[in-house]
1. Applying the selection to the range 156-182, what residues are among the charged types (D, E, K, R) and modelled with pLDDT under 90?
2. In the range 210-236, how many residues are under 11 Å from the mean Cα position of the chain (by Cα) and either under 18 Å from Gly187 (Cα atoms) or among the aliphatic types (A, V, I, L, M) (or both)?
3. Any residue at all in the range 229-237 that's touching a strand residue (DSSP E or B) at 6+ places or on another chain (Cβ under 8 Å), small (Gly, Ala, Ser), modelled with pLDDT under 95 and on the phi < 0 side of the Ramachandran plot?
4. List the strands (runs of 3 or more DSSP E) that sit entirely inside the range 52-142 and contain at least 2 residues that are open to solvent by less than 10 Å² (accessible area, probe 1.4 Å), at negative phi and polar (S, T, N, Q).
5. Could you list, in sequence order, all residues of the range 232-255 that are open to solvent by less than 40 Å² (accessible area, probe 1.4 Å), under 23 Å from Ile125 (Cβ atoms) and not aliphatic (A, V, I, L, M)?
6. Output yes when any residue across the range 204-213 is modelled with pLDDT of 95 or more, open to solvent by 10 Å² or more (accessible area, probe 1.4 Å) and in contact with a strand residue (DSSP E or B) (Cβ under 9 Å, 6 or more places away or on another chain), and no when none is.
7. Kindly establish whether Thr173 is crowded, with 21+ Cβ neighbours inside 10 Å and touching a Gly at 6+ places or on another chain (Cβ under 9 Å).
8. Among the numbered criteria (1) more than 19 Å from Ala196 (Cα to Cα); (2) touching an Asp or Glu at 6+ places or on another chain (Cβ under 8 Å); (3) in a loop (DSSP other than H, G, I, E, B), which one does Leu145 miss?
Amino acid sequence: MSRSAAVLCLLVAACSAAPPTRVRTLRPLLDGRIVGGEPVDISQFPWQVSMQKFGSHSCGGSIISSTWVLTAGHCIFGAFSDWLSVRAGSSIRNSGGTVYDVSTVIEHELHNSSSHEYDFALLEISGSFTFDSKVQVVSLASSELAGGTAVTITGWGDCRSCSSATQLQAVTTHIVERSVCNEAYGGAITDSMICAGEEEGGLDSCQGDSGGPLVEGSTQYGVVSWGYGCAEAGYPGVYSNVPAARSWITEKTGV
């Protein structure tokens, strides 16, 4: 990317200004927390990283190889690689672990900031990650999960109940069938998206969680993307569908 010029309230519903968007995607500089989750240690989710702009937490991301991080396309909007860095191996978003400069930024060519389709981006770091109990690669899914499957979202996003989620948060919720999610969002849910949440709300990702992973076990199925509000009843969180971008990730990174 040229160098010239120039956001998990886990499991609640993603944040936005007007339906059906959450503006979790449209405000990548906003700082948020997981909603309805609990503090966890990075060793429980060692693929989680903090993507930082000018040294401050901006979005989440996941380690997919020794040199590549997967995040959301809206997280890199208007940013140049030399503005970005990645903090790995720390439960605290702005300290500890190791910080790596970003050398390459690749946004999915089909990413549409209006429809939120293919909300993916890849970050290549300078050097390579040093793997240990706090830094590990996440596996990437090639097929979707069935509705009702329990999944976990992690991040440092808006949690509502905490004044500042400096400690990594995790929340567990369930996959929502695409057809059901589409009813909530008026047909805006495409094959490049999956949904997760509870009918009564209360568990979701939020601003600041964007770009972070939705996993079952140690396999990633989604990337925190968008939604209406955060943990709102009737509005599941919307996540970029990793299986839909699996071949693109391989093409760009070899993973």
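1. Those that are among the charged types (D, E, K, R) and modelled with pLDDT under 90: Asp158, Arg160.
2. Residues that pass the stated criteria total 6.
3. Yes, the range 229-237 has at least one match.
4. Counting at least 2 such residues, we get 56-63.
5. Answer for the range 232-255, where residues must be open to solvent by less than 40 Å² (accessible area, probe 1.4 Å), under 23 Å from Ile125 (Cβ atoms) and not aliphatic (A, V, I, L, M): Ser240, Trp248, Thr253.
6. No, because not a single residue in the range 204-213 is modelled with pLDDT of 95 or more, open to solvent by 10 Å² or more (accessible area, probe 1.4 Å) and in contact with a strand residue (DSSP E or B) (Cβ under 9 Å, 6 or more places away or on another chain).
7. Taking the combined requirement at face value, the residue satisfies it.
8. Answer for Leu145: the failing condition is (1).
The values are calculated or read from the model by the stated rules, or taken from the named source; none is laboratory data. The model shown is predicted, which means the values in this text are computed figures rather than measured ones. Virtual Cβ from ideal backbone geometry, glycine too; neighbours counted across all protein chains shown. For the accessible areas, the whole protein counts, side chains as well, though only heavy atoms, and no ligand, DNA or RNA atoms are used. Shrake-Rupley method; radii C 1.70, N 1.55, O 1.52, S 1.80 Å.
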